[in-house]
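A quick write-up on the structure given underneath.
The values are calculated or read from the model by the stated rules, or taken from the named source; none is laboratory data. Everything quoted here is computed from the prediction, not taken from an experiment. Here the Cβ positions follow ideal geometry from the backbone for every residue, glycine too, while neighbour counts run over all protein chains shown. We work out accessible area using only protein heavy atoms, side chains counted, and drop any ligands, DNA or RNA first. Shrake-Rupley method; radii C 1.70, N 1.55, O 1.52, S 1.80 Å.
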Amino acid sequence: LDVNTNEEQKEILPIAQESFPYLCRTTRLDCTPDKSVPWHWHSMFEINYIIKGELSLQTPDETHIISTGEICFMNNGVLHTCTAIGTIPCEYNTIHFDMHFLSGMYNSIYEEKYILPVMRNSALQFWHVKPDSLQHLKMVEAVLRTVEVSREEPFAFEFDLRNILSDFWKMLLLDNL
């Protein structure tokens, strides 16, 4: 899998950063070591939903195995890589969004009260969510709705995406702060 990075391993995402700092894409990784995603980081938040298979997601400090139907949240600025494991290729949706996608502007109350505390939380570099409680099922559902809206792009879908991800963010905060 090709990942476009600069000399500092920062991923260069194909996003209109100023006007709509959001991207949703589907990836398929084969189960061979040479098919892993190279080490990289980005200034955006990342949420992955595993459609099929298993994904080994590594940071410099830890390794997580994410399975079908599970999601993981990656904080911004975290160096990471991933590899499909098991016997079948791994397919997953990835959602990238900038903090201002939710906060709306610099120094807003949303940024100060709800986004920066997550960004500054060194214990929350990575968060694995299994559908093992009602709260976690709602989070998985929010991610699936985000992917669906991204694909269909109905009228005013930008509002829908921001609203759904805001709901996801509230649940993330309730689980972690």
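Here are the numbers for the structure shown:
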item: Backbone HN-Hα couplings from phi across the stretch 125-142 [Karplus 6.51/-1.76/1.60, Hz, Gly and Pro as x]; result: 6, 9, 9, 9, 10, 9, x, 10, 8, 4, 4, 5, 4, 5, 5, 4, 4, 4
item: For PHE126, residues with placed amide H under 5 Å, excluding near neighbours; result: ASN75
item: Charge sum, other residues only, whose C-beta stays under 14 Å from LEU124's C-beta, Lys/Arg counted +1 and Asp/Glu -1; result: -3
item: Whole-Å distance, taken between Cα centres, linking the stretch 73-120 and the stretch 50-65; result: 15 Å
item: Interchain or long-range residues, amide H under 5 Å from SER43's placed H; result: GLY77
item: Hull-based mean projected area of the chain, where the convex hull spans the alpha carbons, in square nanometres; result: 10.2 nm²
item: Contact order normalised by residue count of the chain, Cα under 8 Å, 6+ apart, percent; result: 22 percent
item: Fraction of alpha-carbon pairs over 17 Å apart in the stretch 41-137 - percent; result: 54 percent
item: In order through the stretch 41-52: 3J(HN,Hα) via Karplus (6.51 cos²θ - 1.76 cosθ + 1.60), integer Hz, x for Gly, Pro; result: 8, 8, 7, 9, 6, 9, 10, 10, 10, 8, 6, 7
item: Nearest-10 value in Å² for the accessible area of ILE65, using the 1.4 Å probe; result: 70 Å²
item: Loop-resident sites, the stretch 87-177, for chymotrypsin sites (Phe, Trp or Tyr not before Pro), counting at most 10 other Cβ within 10 Å (DSSP); result: TYR106, PHE155
item: Accessible area per residue in Å² at 1.4 Å probe, computed on the chain; result: 52 Å²
